[in-house]
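Q: Quick one: the structure is below, questions incoming.
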Amino acid sequence: MHREMAAMALLYDIPFSYLVPAEGMLEPEEVRFFHLDPNWIRALLDGAFSIGRNVGVDTANDSAYLEGVYDKAMAAGLSVRLRLQGKPDLPVLKAVRLAKSSPCTGFLLRSELVSGWRGLEFNAYGDREGTDPLPALRLETLSDEVLIGLYQGVIARLDIQQPPEGFHFGFNSTDGKLSKRLRSLSTGALDDGRAEIPIRRRGNRVVDFADIAAAIGKELGMAPGETVTSAHLALQMIQNPHRIVIRIGEGDEQS
């Protein structure tokens with residue numbers, strides 16, 4: 001029973017019109033953050049328990065047990081997502097289950113990203129620097145363009161990024177010119193250096209890798225006798241998956 005109550009506490013099978021009463025509250029290409037009101041959830045569970053109440057003593061009994069049911073339902077919150085994913089309820093996760101005093105926050109995203117970019121990763125953090133990851137309680141598409149996320153704790157930052165397999169070779173385009181921001185050969189970190197990308201046949205979008213290697217070697221200050229190897233070229237041409245960072249509080253930021 002607690003699992004069913006936990007699913008209800010995480011808004012499973014709740015009509016969407018109860019979550020977003022008017023379309024204007026969630027416009028296209030918009031994300032909304034919210035706190036899950038524990039009083040609202042208690043009222044929801046109380047409504048489920050009200051079925052079959054006939055006399056006053058039933059109400060008294062339900063009132064006595066409802067608070068304990070709420071705590072146990074919220075404590076089982078993490079196992080709901082694991083069970084739906086077919087994963088075991090690992091002991092390590094039991095240590096981070098919801099306490100009755102732990103807040104639950106989430107977001108609703110309405111965007112073409114939901115159906116057009118399958119495999120996007122959503123990571124929420126309790127701090128704006130992204131060092132305090134929050135356990136995900138629910139992350140699910142509600143329609144072709146709406147996605148809901150629920151997390152244990154208060155979201156201060158949300159990262160939306162392409163999956164790791166989105167790594168590829170790529171360039172940056174500015175005013176019709178292609179360039180590449182270079183990486184340090186010792187650490188792999190991005191530097192301030194930038195090499196122009198020569199085009200062999202512009203109409204067919206064919207680049208000249210020999211000239212690219214020479215431009216990269218020159219920008220990195222490599223000696224004339226040194227060769228830009230395929231490993232050097234691969235390191236410099238890596239294009240990280242795109243990521244959107246939304247920071248909440250102290251004036252919302254997006255980068």
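Q: Across the stretch 112-255, what fraction of all alpha-carbon pairs, as a whole percent, falls in each successive 5 Å bin from zero upward?
A: Taking all Cα pairs of the stretch 112-255, the binned fractions are 2, 8, 14, 15, 14, 12, 11, 10, 8, 5, 1, 0 percent.
Q: Ordering Arg200, Arg247, Arg138, Arg118 by accessible area with a probe of 1.4 Å, largest first, what comes out?
A: Numbers: Arg200 140, Arg247 55, Arg138 10, Arg118 160 Å².
So the residues, ranked largest to smallest area, are Arg118, Arg200, Arg247, Arg138.
Q: Please arrange Asp144, Asp211, Asp159 by accessible surface area, largest first, computed with a 1.4 Å probe and ligands excluded.
A: Asp144, Asp211, Asp159
Q: So for the stretch 157-237, Kirkwood radius off the Cα pairs, Stokes-Einstein at 37 °C and 0.692 mPa s: how many µm² s⁻¹? Show your work: numbers first, answer last.
A: Values: Rh = 14.0 Å.
This corresponds to a translational diffusion coefficient of 234 µm²/s.
Q: For the stretch 126-255, what relative contact order do you get, as a whole percent, if you take Cα pairs closer than 8 Å and at least 6 residues apart?
A: Value for the stretch 126-255: 26 percent.
Q: Can I ask one more? Points 7 angstrom from Cα along the Cβ direction at Glu29 and Asp191: gap in nanometres?
A: With each label placed 7 Å out from Cα toward Cβ, I get 3.7 nm.
The values are calculated or read from the model by the stated rules, or taken from the named source; none is laboratory data. Computed from a predicted structure; not experimentally measured. Reconstructed Cβ throughout: ideal geometry from the backbone, glycine too, with neighbour counts over all protein chains shown. All accessible areas refer to the heavy atoms of the entire protein, side chains included, with ligands and DNA or RNA removed. Shrake-Rupley method; radii C 1.70, N 1.55, O 1.52, S 1.80 Å.
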